[in-house]
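Reading through the structure tokens given below for one structure.
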Amino acid sequence: MILVTGATGTVGREVVAQLLAAGQKVRAMTRNPMCAKLDSRVETLGGDFENPASLTEAARGAERVFSLTVGPQTGLHERNLAQAAKAAGVQHIVKLSAMGGDGETKNDIRKWHDEGEQAFREVGIPLTVLYPGAFMSNALHWRETIRAAGKVFSNYGDGKLPSVHPRDIAAVAVRALTTPGHEGKCYTITGPEALSVGEQVKILANAIGKPIEYIPVPDEIIRAGMEKAGLPSPLINALLPFAAFIRSGKAARVFPTVQEVTGRQPFTFGDWARENVAAFR
Ligand SMILES: NC(=O)c1ccc[n+]([C@@H]2O[C@H](COP(=O)([O-])OP(=O)(O)OC[C@H]3O[C@@H](n4cnc5c(N)ncnc54)[C@H](OP(=O)(O)O)[C@@H]3O)[C@@H](O)[C@H]2O)c1
């Protein structure tokens, strides 16, 4: 049986669906099982990364674990899960981390993930780490301004980003969880092409069938918007330097990982846009 954490989120739902399609027995952990709305074949279990006893329960009997959590407490969350997994005799963990620069350019989100990765390494369970780039689904953040005004505001300038379909991240995770030879590997995962926000907006406009204007704005405007939306300040402070990294042009590299691990081409942003037109109308 495979324990999937983060099972109700963007990537986790895809991991659950693809594991079921591969004939695997799945246990999904969520803080709120009543709202999880997962397939009836899934054993849905209440659990919280901040509650070690609940993790002990979640890991009991699991052979493999998909670890996905969010926020500045990621290191603590995964330290708790690492202990529970060790006690339960888990044989392999696949951890979702994040691309995020190296050395001096490493952003805070990646540093939170590195703490979690370290916690898994310390307990010595075979580990696979996934470093995805920006998710294509981040474009859903543009929904409100597209619906209200036909506009997208961003501080990414003309910087290009090879954003990745969450389904492709899940596909790599599922391969790693269900086929041999992925223990000890680290996979950087991107989509097939680097696009600027302006280029993404054109693709989205084509898919929706209405014009959308891209308006580059400075960091201060984006910071104010994120504060108004109630984003926690550690996240805001991590996202702004990430935008600077994208503007620098250094985030554009495409990696062939999806093709190499799954044997098929990754989805394009156009594919994602066509699947998600309803969200923007
Ligand atoms: N967005 C990007 O561009 C991007 C790029 C690279 C990496 N990432 C990484 O991807 C991850 C986010 O993935 P996502 O977008 O699929 O997530 P998401 O849709 O935001 O969902 C978060 C999931 O985490 C679970 N969760 C959060 N706190 C928890 C806790 N204390 N205990 C148990 N479960 C908890 C939630 O479960 P319940 O609410 O059901 O309990 C939910 O299933 C983050 O680690 C982020 O750093 C994101």
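Listed by first and then second residue, the pairs with beta-carbon distance under 6 Å, at least 6 apart or on different chains, first residue in segment 183-208 and within 15 Å of residue 268 (Cα to Cα), second of a type in the set (Lys, Arg) and surrounded by fewer than 19 Cβ atoms within 10 Å (Cβ to Cβ), are 207/274. Just one of (1) in contact (Cβ under 8 Å) with a residue 12 or more places away in the chain; (2) out of contact with any Gly (no Cβ under 6 Å at 6 or more places or on another chain); (3) farther than 30 Å from residue 179 by Cβ; (4) open to solvent by 50 Å² or more (accessible area, probe 1.4 Å) fails for residue 278. It is (1). Within segment 49-65, the set of residues being crowded, with 17+ Cβ neighbours inside 10 Å and within 11 Å of the ligand (Cβ to nearest atom) comprises 49, 54, 55, 58. Residue count for segment 108-128, restricted to those that are under 24 Å from residue 272 (Cβ atoms) and open to solvent by less than 20 Å² (accessible area, probe 1.4 Å): 1. For segment 251-263, taking the residues that are touching a residue at least 12 places away in the same chain (Cβ under 8 Å) and farther than 17 Å from residue 154 by Cβ, the one that is most open to solvent (accessible area, probe 1.4 Å) is identified as 253. Could you figure out which of (1) open to solvent by 50 Å² or more (accessible area, probe 1.4 Å); (2) touching a residue at least 12 places away in the same chain (Cβ under 8 Å); (3) among the small types (Gly, Ala, Ser) isn't true of residue 273? For residue 273, the exception is condition (1). Here residue 159 passes the criteria (1) under 15 Å from residue 257 (Cα atoms); (2) of a type outside the set (A, V, I, L, M, F, W, C); (3) open to solvent by less than 10 Å² (accessible area, probe 1.4 Å) except the one numbered (1). Would segment 130-147 turn up any residue that is in contact with a Cys (Cβ under 9 Å, 6 or more places away or on another chain), open to solvent by less than 20 Å² (accessible area, probe 1.4 Å) and in a strand (DSSP E or B)? Scanning segment 130-147, I find at least one residue that is in contact with a Cys (Cβ under 9 Å, 6 or more places away or on another chain), open to solvent by less than 20 Å² (accessible area, probe 1.4 Å) and in a strand (DSSP E or B), so the answer is yes.
On the given criteria, is residue 110 within 28 Å of residue 193 (Cβ to Cβ) and either part of a helix (DSSP H, G or I) or away from the ligand (no atom under 12 Å from the Cβ) (or both)? Against the criterion (within 28 Å of residue 193 (Cβ to Cβ) and either part of a helix (DSSP H, G or I) or away from the ligand (no atom under 12 Å from the Cβ) (or both)), residue 110 qualifies.
Among the residues of segment 170-228, the ones that are open to solvent by 70 Å² or more (accessible area, probe 1.4 Å), under 19 Å from residue 142 (Cα atoms) and in a helix (DSSP H, G or I) come to 7 in all.
The values are calculated or read from the model by the stated rules, or taken from the named source; none is laboratory data. Here the structure is a predicted model, which means the values were calculated and not measured. Methodologically, a virtual Cβ is constructed for each residue, glycine included, from the backbone with ideal geometry; neighbour enumeration extends over all protein chains shown. Heavy atoms of the whole protein, side chains included, go into the accessibility calculation; ligands, DNA and RNA do not. Shrake-Rupley method; radii C 1.70, N 1.55, O 1.52, S 1.80 Å.
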